[in-house]
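Below is one structure, written out as structure tokens; comments come after it.
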Amino acid sequence: MIARAASVLLLLWLLGFALFAVTIPGPAPDGERTDGVVAVTGGAGRVARGLALVQAGAARRLLVSGADRRVRKADLAAEYRVPARLIACCVDLGQESVDTRSNGDETARWIAARGYRSIRLVTTDWHMARAHYELGRALPAGVTVLPDAVPSEPGLMTLIAEYNKYLLRRVAAPLGY
């Protein structure tokens, strides 16, 4: 009986993982406009994509969620070679979050403070499911989130770890954790 239950759970996990792995999203179309862009730190290409979108006029402002407390706006301008005036007018550094769940909370506060109704969520492709889930939990109804995944080439262990984190959040969040 226990062996059967374990086998069923393993089969469900494998099927879920396969679905997770083959449905990793790609970038959103460049032509879609949103009120704001949120780039979640922690992976290559995320901040650069967010800056490019604001520069292209795809959104009014960019929140860099999870920025290190030592990072200043001038650092971004220099590192990403964008005009300092763009950084000064249109980029906010979110330096309160420390993980994906707090990225969602930080982003929700930023959106509420500006009255935004739509945002583009920029994170790495393999991280999008969990980031989108956490943001969706934190946002009020009526805010549209456009997932915009930065393509990567994740290894098997990265995918397994991220899938397990995603599953754990889907189970723990409704329980209040």
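The values are calculated or read from the model by the stated rules, or taken from the named source; none is laboratory data. Keep in mind that what you see is a predicted model, and the values were worked out from it rather than measured. Because the Cβ atoms are built from the backbone with ideal geometry, glycine has one as well, and the counts that use them run over all protein chains shown.
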Would you mind stating whether residue 102 is under 24 Å from residue 169 (Cα atoms) and crowded, with 16+ Cβ neighbours inside 10 Å? yes
Which residue pairs have Cβ atoms under 6 Å apart, sit 6 or more places apart or on different chains, and have a first residue in the range 15-43 that is among the aromatic types (Phe, Trp, Tyr) and a second that is surrounded by 13 or more Cβ atoms within 10 Å (Cβ to Cβ)? 17/163; 20/163
For the range 52-75, give me the residue count where each residue is of a type in the set (A, V, I, L, M), touching a helix residue (DSSP H, G or I) at 6+ places or on another chain (Cβ under 8 Å) and within 21 Å of residue 113 (Cβ to Cβ). 5
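Within the range 156-168, can one find any residue that is aromatic (Phe, Trp, Tyr) and over 30 Å from residue 18 (Cα atoms)?
no
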Quick one: in the range 114-132, which of the residues that are in contact with a strand residue (DSSP E or B) (Cβ under 6 Å, 6 or more places away or on another chain) and charged (D, E, K, R) is surrounded by the fewest Cβ atoms within 10 Å (Cβ to Cβ)? 125
Using the structure shown, decide if residue 45 is within 15 Å of the chain's Cα centre (by Cα) and surrounded by 13 or more Cβ atoms within 10 Å (Cβ to Cβ). yes
Out of the residues in the range 140-155 meeting the condition of being of a type in the set (Gly, Ala, Ser) and within 24 Å of residue 18 (Cα to Cα), tell me which one is surrounded by the most Cβ atoms within 10 Å (Cβ to Cβ). 149
Being of a type in the set (Val, Ile, Thr) and farther than 20 Å from residue 66 by Cβ: is that true of residue 160 here? yes
Quick one: which residue in 21, 28, 67, 6 is within 30 Å of residue 160 (Cβ to Cβ), part of a helix (DSSP H, G or I) and either at pLDDT 95 or above or in contact with a Leu (Cβ under 8 Å, 6 or more places away or on another chain) (or both)? 21
